[in-house]
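Chemist: Sharing a structure, written as structure tokens. Questions coming.
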Amino acid sequence: MLRVLGRATSVNVQKVMWLIDELGLEAERVDIGGKYAGDKTPAYLAKNPNGQIPTLEDGDFILWESQAIVRYLLDKYGNAPWLPDDAETRGRANQWMDWYLAMMHPPMTVIYFQNVRATAETKDPAALQANIDKAAKLWTMVDAQLTDRDYLTGDTLNMGDIPLGCAAYRWHSLVPDGPDLPNLKAWWDRLNVRPAYKTNVMLPFE
Ligand SMILES: N[C@@H](CCC(=O)N[C@@H](CS)C(=O)NCC(=O)O)C(=O)O
């Protein structure tokens, strides 16, 4: 059976668990990281030298980096539409996945930490606002992409929607007074009615 090492509330674990649930795969998830700790032990570091979550165990095979895990699961256990079977759609899906990591993840991380984790000493309203502004510009690009399609690469939900889909829950919850982006909101409303999304992504923040 698949084992996913990582607490359920991590956005990177959520990408993996959402997909596993959508594919109907059997998996055990183990609470590691955050308040559960366990991510800096020698045993864990031997599996994932970054000391971060998630880590996937598929029998003896171990893999880290959430989006590499998503692609691996689809290569091994998935098929279209989650893994697009034409090169152009798959290329676009990969584009949005990589763009999330390179561009959207950094400002969304600051927004998350400032809203959820910051203490009196680490609260930084200027940094929060600067990163809301940065993320708003990026979400405006997503909104434009969704002008004439239901999902990021076309009419069908696929792996390209997973990273931004997870981040969209945080954006709409933590920045309720953000810019009006109707295509983005409509896309998120298509995601947030899916049982696998509700169960694995729409969790309390910690
Ligand atoms: N690029 C890595 C990032 C992993 C990462 O930053 N994980 C965070 C949780 S979202 C982590 O391990 N934080 C420490 C913790 O939760 O204890 C991936 O996508 O898997």
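Where a number appears in this text, it was derived from the coordinates with a stated rule and is not lab data. All figures in this text were calculated on a predicted structure; none of them were measured in a lab. A quick note on method: Cβ atoms are made from the backbone with ideal geometry, for glycine too, and the neighbour counts reach across all protein chains shown.
Chemist: For q = 0.08, 0.17, 0.18 Å⁻¹, what log10 I(q)/I(0) does the chain give under the Debye formula with an equal point scatterer on each alpha carbon and no solvent?
Modeler: -0.27, -1.23, -1.35
Chemist: If the elastic network links every pair of Cα atoms under 10 Å, which of I111, I62, I53 fluctuates the most in the Gaussian network model of the chain?
Modeler: Looking only at I111, I62, I53, the largest GNM fluctuation is found for I62.
Chemist: When the helix-only estimate is applied to the chain (DSSP H runs of n ≥ 4, each -39,500 (n - 2.57), divided by the residue count), what is the mean residue ellipticity at 222 nm, nearest 500 deg cm²/dmol?
Modeler: It comes out at -15000 deg cm²/dmol, rounded to the nearest 500.
Chemist: Per-residue HN-Hα couplings for segment 88-93, Karplus 6.51 cos²θ - 1.76 cosθ + 1.60 at θ = phi - 60°, whole Hz, x for Gly and Pro?
Modeler: 5, 5, 5, x, 5, 4
Chemist: Here is a follow-up. Could you tell me which of the pairs K47/K123; K35/K137; K15/K198; K137/K185; K123/K198 are separated by over 22 angstrom between their Cα atoms in the structure shown?
Modeler: Exceeds cut-off: K47/K123; K35/K137; K123/K198.
Chemist: Now for a different question. Work out from phi, with θ = phi - 60° and the Karplus expression 6.51 cos²θ - 1.76 cosθ + 1.60, the ³J(HN,Hα) of each residue of segment 109-122, listed in order in whole Hz, and give x for Gly and Pro.
Modeler: With the stated coefficients, segment 109-122 comes to 5, 5, 4, 5, 5, 5, 7, 9, 10, 5, 9, 3, 6, 9 Hz.
Chemist: Using only alpha carbon pairs under 8 Å that are at least six residues apart, calculate the relative contact order of the chain and give it in whole percent.
Modeler: Averaging sequence separation for qualifying contacts and normalising by length gives 24 percent for the chain.
Chemist: Also, I was wondering about something else. Going by amide H atoms built from the backbone, whose H comes under 5 Å of the H on L2, apart from near neighbours?
Modeler: E28
Chemist: Rounding to the nearest 20 debye, state how big the charge dipole of the chain is about its Cα centre with +1 on each Lys and Arg Cβ and -1 on each Asp and Glu Cβ.
Modeler: 480
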